[in-house]
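The values are calculated or read from the model by the stated rules, or taken from the named source; none is laboratory data. All figures in this text were calculated on a predicted structure; none of them were measured in a lab. All Cβ positions, even for glycine, are placed from backbone atoms using ideal geometry, and neighbour counts span all protein chains on display. All accessible areas refer to the heavy atoms of the entire protein, side chains included, with ligands and DNA or RNA removed. Shrake-Rupley method; radii C 1.70, N 1.55, O 1.52, S 1.80 Å.
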Amino acid sequence: MIKHELQQGLRDSFPIVLGYLPLGFTFGVLARDSGLSLFQAVSMSALCFTGAGQFIAVGMFKAGGSLMAIVLTNLLVNLRYALFAASTVPYLKERIPSALAAALSYGLTDEVYAVSMNRYRTYPATASYLIALVASAHLGWIGSSLAGAILGNFITSTERLGMNFALPAMYISLMIILMRRRSDIYAALAASLTALLVGHFIPSTMANNFNIIAATLIGATLGVIINER
Amino acid sequence: MNADIWLMIFGAALASLAPRIIPVAIFTRRKMPPWLEKWLSFVAPAVLGALTAVSILAPGGVINLGRDNLYIWAFLPTFAAGLITKSIFLTLLVGIASMAALFHFMG
């Protein structure tokens, strides 16, 4: 049973890792370019595990941004994870011990969140599944950062390989899979529109992902309203 | 310089891990009100809708609805593959292959 759950978690992590490869690689290149040592670049991926946040942090660091500004921007970028984390609780509660569930939530990226939520809709949550999923995704992230930090000077374009579309393709697939109720579709549409409009009229929110938070708040609220009518 | 980098790394780590860990630590111990649970059930579709829209229609951080936005062209076969296969892996393959082909012929 435990072995099966571990294997399933590993299998489900595969598309996530594939999507992380070009992104982690790019981070490795960028981190070295911003003055981080090989060890520091890899440590950052091990300790932070946040795509956009890490890109923004090394970018701001290189530009001479203050520590306070870097931390606050990172908090803003990662705020949406508080919503994600809270929404996994009904599935984890009484199935995984509280401390373990909280500890494993460190690995709750956009992709890990969507894949695990999809799993929980059909199967009960288990610690072994979540451990395998999170650890594998995290290792993929660390490994690709390491590769980028080492090989950065040799490879010029991952675009040629279509790898820049890995994450968008992942979002598309997860969005389709997660739509179960009619009201889910309205929530997603309202959120899409909000994210674009907020991002368009307040361009800084495109970079710090605040438009995604605004979109989530409005989309989910509309979902509830339509669902109750 | 070196110490600055480590401070930056630890600061960013704290800012990225706390928002994920704290809500789970609190709400797995306390009872969550039913209205909140219902609202949270719409977070996943909403956030994926938003992430998809932004990554396709504003890939460079600025909205681009022009014909030169390859992400829109790659979206079409990828979306179809997602609807038909419902498989993350196959959808990913179709997406990456479409983008590579588009880059080759139009980019």
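Per residue, chain A reaches -25500 deg cm²/dmol at 222 nm when only DSSP H runs of four or more residues are counted, each adding -39500 (n - 2.57). With R₀ set to 25 Å, the beta-carbon distance separating A:K62 from A:R160 gives a calculated FRET efficiency near 0.45.
Here the Karplus curve 6.51 cos²θ - 1.76 cosθ + 1.60, taken at θ = phi - 60°, turns the phi angles of the stretch B:72-80 into couplings of 5, 5, 5, 4, 4, x, 5, 4, 4 Hz, with x standing for Gly and Pro. Accessible area per residue for the protein assembly as shown in Å², computed with a 1.4 Å probe and the full protein assembly in place, what is it? Solvent-accessible surface per residue comes out at 44 Å².
Charges were assigned to the Cβ only: +1 to each Lys and Arg, -1 to each Asp and Glu. The resulting dipole of the stretch A:2-161 about its Cα centre is roughly 160 debye.
Peptide B:82-94 has a mean shielding of 6, counted as Cβ atoms of other protein chains within 10 Å of each residue's Cβ. What is the local net charge at A:R229, summed over the other residues whose Cβ is closer than 14 Å to its Cβ (Lys, Arg +1; Asp, Glu -1)? With Lys, Arg at +1 and Asp, Glu at -1, the net is +2.
When only Cα pairs below 8 angstrom with a gap of at least 6 residues are kept, chain A shows a relative contact order of 32 percent. To test your reading of the geometry: what angle, between 0 and 90 degrees and rounded to tens, separates the Cα axis of helix B:43-57 from the longest principal axis of chain B? Once rounded, the angle reads 40 degrees.
Treating the angle as unsigned and between 0 and 90°, give the value, to the nearest 10°, between the Cα long axis of helix B:2-27 and the longest Cα principal axis of chain B. Orientation of helix B:2-27: about 80 degrees from the principal axis.
Of the DSSP H helices in chain A, those that are both long (alpha-carbon extent of 27 Å or more along the helix axis) and hydrophobic (Kyte-Doolittle mean at least 0.0) are A:2-33, A:127-151, A:182-201, A:210-228. Compute the helix-to-body angle for B:88-106: its Cα long axis versus the longest principal axis of chain B, expressed 0 to 90° and rounded to tens. Around 50 degrees separate the two axes. For B:K31, a cut-off of 26 angstrom between C-alpha atoms picks up these lysines, skipping any fewer than 8 places away in its own chain: A:K93. Taking each residue as 0.36 nm, the span from A:R181 to A:D33 lengthens on full extension beyond its C-alpha to C-alpha distance by 48.7 nm. Label positions at B:D4 and A:M1, each projected 7 Å from the Cα along the C-beta direction, are separated by 5.5 nm. Look at the stretch A:16-24: the mean tally of other chain Cβ atoms within 10 Å of its residues' Cβ atoms is 1.
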